[in-house]
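Contents: one structure, followed by commentary.
Read-outs throughout are calculated quantities, based only on the coordinates presented, and are distinct from any laboratory measurement. Predicted model only: the values in this text are computed from it and were never measured. All Cβ positions, glycine included, derive from the backbone under ideal geometry; neighbour counts span all protein chains shown.
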Amino acid sequence: MQKIRTGDEVEVISGRNKGLTGRVRITNAETNRLVIEGVNIVKKHVKRGRARQAGIIEMEAPLHISNVRLLVGGQPAKVGIRRNAEGKNERFNKKTGETIAQPRVD
């Protein structure tokens with residue numbers, strides 16, 4: 001189980017994008033990287049293809065999961081994992097002990 005999932009609100013805590021917040025769009029558990037909306041914008045040079053034009057596009061690059069912090073209700077939170085009454089894993093805020101709700105992915 002991952003501590004940060006698609007749809008979570010996170011804050012960047014290190015690097016050139018420090019202090020920026022955004023919603024997680026894509027997570028990759030194998031490489032421990034995630035893509036955040038509007039954060040870590042890079043320019044990519046693309047060749048002309050059948051359905052696209054050549055040029056320089058701006059896109060969101062992945063960040064390592066250790067460089068972000070989960071925000072719960074706008075406040076930073078440390079995340080723990082525990083078993084609930086049904087025996088399933090759930091995420092919880094270590095400071096308050098409250099269960100972190102599943103993010104809505106639209």
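Number of Lys pairs in the chain with C-alpha atoms less than 16 angstrom apart, excluding same-chain neighbours closer than eight positions? Numbers along the way, then the final one.
Details: 3/78; 3/88; 3/94; 3/95; 78/94; 78/95.
Summing the qualifying lysine pairs gives 6.
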Open item on the list: Quick check: pseudo-label points 7 Å beyond the Cα along Cα→Cβ at residue 57 and residue 81, how many nm apart are they?
Closed with: 3.4 nm
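Under the definition of Cα pairs under 8 Å and six or more residues apart, what whole-number percent is the relative contact order of the chain?
24 percent
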- [ ] Any chance you could get the radius of gyration and Dmax over the Cα atoms of the chain, in Å?
- [x] 16.6, 55
Open item on the list: Quick one: 3J(HN,Hα) in Hz for the stretch 50-57, Karplus 6.51/-1.76/1.60 with θ = phi - 60°, rounded, Gly and Pro as x.
Closed with: 4, 10, 9, 9, 6, x, 10, 10
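Mind checking the full-extension length gain between residue 46 and residue 20? Use 0.36 nm per residue of separation minus the Cα-Cα distance, one decimal, nm. Intermediate results must be reported in sequence, preceding the final value.
Working: separation 26, 0.36 × 26 = 9.36 nm, distance 2.70 nm.
Fully extending the segment from residue 46 to residue 20 adds 6.7 nm.
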